[in-house]
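One structure is given below, encoded as structure tokens.
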Amino acid sequence: MPEEDKDKQEIKDEKPKVDWEKKFQEQAAKNQAELDRLTKRAEEAETAKKTREEEAARLAEASAEKERKAKELEEQSKSSATRLSELETEKAKLQKTVGFQKIIMAEFPDLVELADIIPAAEDDDGFRKNAKGLQERIIAMIEKRTKTALAGASPSSPQGAPADQSAELDGLYVKAYALAGDQTKKAEFDAVNKQIRELEAKRK
């Protein structure tokens, strides 16, 4: 071998050898480590994502429930307001009735059984006036019928009213007044009272 070629061969042999298998293994180990790191971070990110989704769902559900309850309370409030109005109306009506009943018992005890046919009024004074009017009317009817009976003549009818209807109504009032308070004749009184209301309604 020429001397020159021999020198080249010696230089070539002196170059450091590369351990490709070791280098590959090292690279593979690095890649695996990076993969493990990324996998862990991905898992953490997935957990964080699920946590946020669950929290968002919980908040959405809470918001929906809150809105549902708000609407429910609003409806209940409206219902309560309506019921309160109804109760106030009923209360006012009952208070007026109780007031009228006290007036009858204190001032017109003879009209207790005729309370249903006493014309209603807006206030106590108006009702007292109506009760007084009915009382005087009945007394006048009784006196008139008594005088007519003693004179042997038929009772006349008020001017402007049909004779048969007025006479019938007068007779019913007198009869009701006579039956009032007699519990043994309550059914008869109720029937007469009903006839009075019907005839009075026709006259209006």
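Scan region 1-36 residue by residue and report those that are among the basic types (Lys, Arg) and at pLDDT 85 or above.
LYS30
So which of THR97, THR39 ends up being under 30 Å from PHE127 (Cβ atoms) and either modelled with pLDDT of 85 or more or not in a helix (DSSP H, G or I) (or both)?
Answer to the check: THR97.
Determine, yes or no, whether LYS69 is over 23 Å from LYS175 (Cβ atoms) and assigned to a helix (DSSP H, G or I). If you could, list the steps in order and put the result at the bottom.
On the way: over 23 Å from LYS175 (Cβ atoms): yes; assigned to a helix (DSSP H, G or I): yes.
The answer is yes for LYS69.
I'm checking my understanding of the structure. Among residues of region 88-142 that are under 21 Å from GLU198 (Cβ atoms) and acidic (Asp, Glu), which one is surrounded by the fewest Cβ atoms within 10 Å (Cβ to Cβ)?
ASP116
The values are calculated or read from the model by the stated rules, or taken from the named source; none is laboratory data. Owing to the predicted nature of the structure, the values given are computational and were not obtained by experimental measurement. Backbone-built Cβ (ideal geometry, glycine too); neighbour counts: all protein chains shown.
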